[in-house]
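The values are calculated or read from the model by the stated rules, or taken from the named source; none is laboratory data. Just so we're clear, the structure is a prediction, and the values are computed from it rather than from any experiment. Note that we place each Cβ from the backbone using ideal geometry, even for glycine, and neighbour counts take in every protein chain shown. Note: accessible area is taken over every heavy atom of the protein model, side chains too, but ligands, DNA and RNA are not part of it. Shrake-Rupley method; radii C 1.70, N 1.55, O 1.52, S 1.80 Å.
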Amino acid sequence: MCGIAGLFSAQPMTQVAEEHVGNMLKVIRHRGPDGERIHLDLSKGVAMGHARLSINDLQYGHQPLVSSDKQLVLTVNGEFYDFKKCRSMAMAEGYRFHTHSDSEIALFLYQKMGLDFTEHLRGEFAFSLFDVARDQFLLVRDRWGIRPLFYTVVDDVLYYASEIKALLTHPKVERQLCPQSALNQLMQTMVPGRTAFKNIHALHPGRMLLATRPNGRLEIKEYTYWDVNFPTMEQGHSQDEPDVLIEQVREKLVESIVLRLEADVPVGCYLSGGIDSCSILGLATGAMQSSVKAFTISFDDDQFDESHIAREMAESMQADQEVIHLKADDLYGENFTNTVWHAERSFYNTLGVAKNLMSRRVHECGYKTVITGEGSDELFAGYPSFKRDMILHGLDSEPDEVRRQYQTQMQQSNQLFTGSILSENPESHPAFETLCGFTPSWIQPWIATLRHARVLMHPDLSELRDYDPIQAIADEIRPEAVKDRHPVDRAQYTWSKTQLEGQILSWGGDRVDMANSMESRPAFLDHHLAELAFRVPPHYRIRNNIEKWVLREAVRGVLPEVLYRREKFAFMAPPAHTDAHKAQKLDDLLETYVTRDRIEAAGLFCPNQVEVFLKSYREDKDPVSLTRKDTLINHLLCLQIMHDQFIKGCGF
């Protein structure tokens, strides 16, 4: 795990490029505190920087990596798994490696297969590669977007980096928040490929950016090398019996975990009270045949705290458990603003702050890497919204015996999260009705939130006059990926292309983990396991109203009985309205960053409307309404803090 940054210019560069890349690396040094190096070729317009967090080949794995013939230069952020098998194959063909690092296999595979080399890269990664002979420059991001990669183009120069703040250090890159993205953030769902900043893009997951310079001008094209691919209704899902599918899921999950235990430093596990992380700990303990270090968050609110279940799991596995107890004083104040700095986008809940603090504790305990449970809900239909869509839209596609298993209406569960992850009333939007044939339940609460969010925006923002943020999201979803698919598959696909990459893997994953030089490895997002999960019939993902049924059965042997039978519980920090002290700590931040003067300076919001909204929030007593308003306030506050940090330049 590392940080990368650099430039690719249509024309030769001057020596100042080295200083610029050095500044880019400096601001993301938290991603790679173990060393920085730059490959500079001014005549060819190339500057590639790397900040290293040493996990494999601690002594010799420094980057940039250069091929033996000097024709390829590579910088990698992330991990390639199963790399020893690839190295053995390469050495049998006479290829000579210069390090023992996993990253170097990308050079061999590219030389052997050209642009098709991505097919053989397994893991989570974002990297740059310069091909001298072909005079082409590549940026490649992993299949799910686990590792971040951002870019912008100014005056025929491509600027790229692992984090946006590195781009903003360059004097040619404009610092400006995007009003359209601000509205999308207020309603919780970003447009895929966009960031909070004008003209700065996120490379889509599973894509490769190819930059060339015909006739002395920069030309950029993007190619999709992998995508989530559920079978069409005509193709059909797997016809295997449930027992066979259960064994296949168990086998692939164990394989994924074993690969992610490979490192030259100790590997721990994140452990909440959910099935996903408990499965990881149980199977990792079995694979290692020894106890595993586990890290758990504990909240000071019994409604949101799962640490008692995590403790039971840790004890059953004889794990060395580290519990981080968090209260209001921990979740707000400086820790909140620090998390915004690293996230580079707004967040709806202080869970991101909590995970930032947990990764800090992991680092303090001497660990650089942990295995995590993200991705399980995306693969095996774990969210309540997917269950709702199965009942409302999916049963017509199922055989009679499956339809009889389900109740005729959605169970009234997960009430604690109504207003944030479930909508209390049906919502729809024409763009999603056209795209999916229905409006997926996961986006419905955010459609309701949009009505409150839009009035907060400044009325003079011309970019918002004809802007429909939900249409913009739908426009970035490939219609052919949802056409003629089962309704649950459509819901899972659209969620994975938006919420998974845009929040769970960003401010809930890499960005807050790497804030403390700590690499997280989500084992469920191994693409071999994912491609198996796509073929599992929806009625085995959700069976008898039980979400993630096939996974539960696959890992039943390592789970406490209470967890095996427990309904999905969203991992979330207690919102501010649940506790007077938290409400006061939130108010302290609002009084600093959401003043009339600062609102006017940022130019995103209408001061009068913000005052009306905050007054209504403080007077509100309805828990559903308060949950929705909590999310809005967090986003609003984050955006104001971002203006202070990134636009005014206070953070540089």
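Of note:
- Among the candidates Asp69, Asp102, residue that is assigned to a loop (DSSP other than H, G, I, E, B), buried (at least 21 other Cβ atoms within 10 Å of the Cβ) and charged (D, E, K, R): Asp102
- Considering the stretch 346-373, and only residues there that are in a loop (DSSP other than H, G, I, E, B) and in contact with a helix residue (DSSP H, G or I) (Cβ under 6 Å, 6 or more places away or on another chain), the residue that is nearest to His527 (Cα to Cα) turns out to be Gly373.
- Residues within the stretch 464-508 that are over 12 Å from Leu435 (Cα atoms), assigned to a helix (DSSP H, G or I) and open to solvent by 60 Å² or more (accessible area, probe 1.4 Å), tallied: 0
- Scanning the stretch 531-551 for residues being among the aromatic types (Phe, Trp, Tyr) and under 18 Å from Ile391 (Cα atoms) gives a total of 2.
- Residues of the stretch 316-340 that are crowded, with 17+ Cβ neighbours inside 10 Å and among the small types (Gly, Ala, Ser): Ala319, Ala328.
- Test: residue in the stretch 155-163 that is assigned to a helix (DSSP H, G or I) and under 25 Å from Ser346 (Cα atoms): no
- Residue in the stretch 547-554 that is open to solvent by 20 Å² or more (accessible area, probe 1.4 Å), more than 20 Å from the chain's Cα centre (by Cα) and closer than 28 Å to Val624 by Cα present: no
- Here Leu563 meets the list (1) open to solvent by 50 Å² or more (accessible area, probe 1.4 Å); (2) within 27 Å of Tyr383 (Cα to Cα) almost entirely, failing just condition (1).
- Verdict on Phe127 being surrounded by 22 or more Cβ atoms within 10 Å (Cβ to Cβ), modelled with pLDDT of 95 or more and not hydroxyl-bearing (Ser, Thr, Tyr): yes
- Those residues of the stretch 579-606 which are assigned to a loop (DSSP other than H, G, I, E, B) and open to solvent by less than 30 Å² (accessible area, probe 1.4 Å), in sequence order: Val594, Gly603, Leu604, Cys606
- Filter result for Lys497 (in contact with an Asp or Glu (Cβ under 9 Å, 6 or more places away or on another chain) and on the phi > 0 side of the Ramachandran plot): no
- Residue within the stretch 185-195 that is more than 22 Å from Ala474 (Cβ to Cβ) and open to solvent by 20 Å² or more (accessible area, probe 1.4 Å) present: no
- Meets criteria (without any contact (Cβ under 8 Å) to a residue 40 or more places away in the chain, under 27 Å from Leu422 (Cβ atoms), open to solvent by 50 Å² or more (accessible area, probe 1.4 Å) and of a type outside the set (S, T, N, Q)) for Asp622: yes
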